[in-house]
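Asker: Once you've had a glance at the structure underneath, I'll fire off some questions.
The values are calculated or read from the model by the stated rules, or taken from the named source; none is laboratory data. This one's a predicted model, so the numbers in the text were calculated from it and none came from an experiment. No Cβ is skipped: glycine too gets one built from the backbone with ideal geometry, and neighbour counts run over all protein chains shown.
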Amino acid sequence: MNLNGEKIAKYALMTVAFSAVASLLLIAVFIFKEGLPFMFKVGLRDFLFASDWDPMAGKYGIYPMIVASLWVTLGAMLIGAPLGVAGAIFLNEFVPKPVMRVIKPTIELLAGIPSVVFGFLGVMVLAPWIRATMGGPGLSVLAASVILGIMVLPTVISISTDAIGAVPNSYREGALALGATRWQSVYMVTIKAARSGIIASIILAMGRALGETMAVIMVAGNTVKIPHSVTDPVRTLTANIALEMANATGMAREALFATGVVLFVVIMILNGVALSTIKGRVRRK
């Protein structure tokens, strides 16, 4: 009876696992089936590097949106990565364990807050402040970067905290025994030992920022142009898909699916790099 129960559980878990993989494959096949023919029809150069997006006129260049996505993602990581890693170090090395066990789950709860809430705060608080102090329309690269930087904090802090917490205490004790200060042991030993996990958290957070849609639509300004300063309004790849898919038909719809192919490939590359980094760390251990 127990043996039969184990077999049932085994096959049930196997079915669930393969269904998840099959779902991902179906999504990938659908996106590539709809998007790749358009890319071959128009040409990669005209699609990826042309600066004009006007489906009514038959222009499907997404280069401004690629640049905007890179600017916003880079800005988000410049804000979120240092704050997240610093928070993880503080929680692991300088906060009493009982306090850390309360604060860490609280920070992770931020990941459950709907992105539209962050976008609303950006529209009502951040954008007016940027407009009053730095000029421009307020809805801009800077506003999107700050909001996304806050949104990726739970990812960076959670994974970095686990990576730093996995460093054996003997490493810290050895550094202190050799005369290092508390901060020197953290900087020269603990962080270096947890480096691959920290890098993986930043890469995963980068993928999260690159794929965010609703908050970016609300605070980026949604203007299709190449940004020249952080106060310029922009439209990212995800925002473009969300804004135009409802009314898109024919070639315009195919162009949006092709945009999805670009996003899918970039995010899969980032996730693959993060996974290989984590696996490399495990093998070295």
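Asker: For segment 97-139, enumerate the residues that are among the small types (Gly, Ala, Ser), modelled with pLDDT of 85 or more and in a helix (DSSP H, G or I).
Answerer: Listed by number, the residues that qualify are 115, 119, 122, 127, 132.
To keep it simple, each residue is scored yes or no on (1) more than 14 Å from residue 68 (Cβ to Cβ); (2) in contact with a Pro (Cβ under 8 Å, 6 or more places away or on another chain); (3) surrounded by 16 or more Cβ atoms within 10 Å (Cβ to Cβ).
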residue: 206; (1), (2), (3): yes, no, yes
residue: 209; (1), (2), (3): no, no, yes
residue: 217; (1), (2), (3): no, no, yes
residue: 223; (1), (2), (3): no, yes, no
residue: 233; (1), (2), (3): no, yes, yes
residue: 236; (1), (2), (3): no, no, yes
residue: 247; (1), (2), (3): yes, no, no
residue: 253; (1), (2), (3): yes, no, yes
residue: 259; (1), (2), (3): no, no, yes
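Asker: Residues in segment 186-199: is at least one surrounded by fewer than 16 Cβ atoms within 10 Å (Cβ to Cβ), farther than 18 Å from residue 66 by Cα and in contact with a Leu (Cβ under 9 Å, 6 or more places away or on another chain)?
Answerer: Taking every residue of segment 186-199 in turn, none turns out to be surrounded by fewer than 16 Cβ atoms within 10 Å (Cβ to Cβ), farther than 18 Å from residue 66 by Cα and in contact with a Leu (Cβ under 9 Å, 6 or more places away or on another chain).
Okay, residues lined up against (1) more than 15 Å from residue 266 (Cβ to Cβ); (2) exposed (fewer than 13 other Cβ atoms within 10 Å of the Cβ); (3) among the polar types (S, T, N, Q):
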position	(1), (2), (3)
15	yes, yes, yes
18	yes, yes, no
23	yes, yes, yes
31	no, no, no
47	no, no, no
56	yes, yes, no
59	yes, no, no
65	no, no, no
69	no, no, yes
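Asker: Grab the helices (runs of 4 or more DSSP H) fully contained in segment 176-285, keeping just those with 3 or more residues being out of contact with any Phe, Trp or Tyr (no Cβ under 7 Å at 6 or more places or on another chain), of a type in the set (A, V, I, L, M) and touching a residue at least 40 places away in the same chain (Cβ under 8 Å). It would help to see each step written out before you state the result.
Answerer: Details: elements: 182-185, 195-211, 214-219, 237-244, 250-284.
Because the criterion is at least 3 residues that are out of contact with any Phe, Trp or Tyr (no Cβ under 7 Å at 6 or more places or on another chain), of a type in the set (A, V, I, L, M) and touching a residue at least 40 places away in the same chain (Cβ under 8 Å), the helices (runs of 4 or more DSSP H) in segment 176-285 that meet it are 195-211, 214-219, 250-284.
Asker: Using the structure shown, decide if residue 178 is touching a strand residue (DSSP E or B) at 6+ places or on another chain (Cβ under 7 Å) and on the phi < 0 side of the Ramachandran plot. Walk me through how you get there before you give the answer.
Answerer: Details: touching a strand residue (DSSP E or B) at 6+ places or on another chain (Cβ under 7 Å): no; on the phi < 0 side of the Ramachandran plot: yes.
In short, no.
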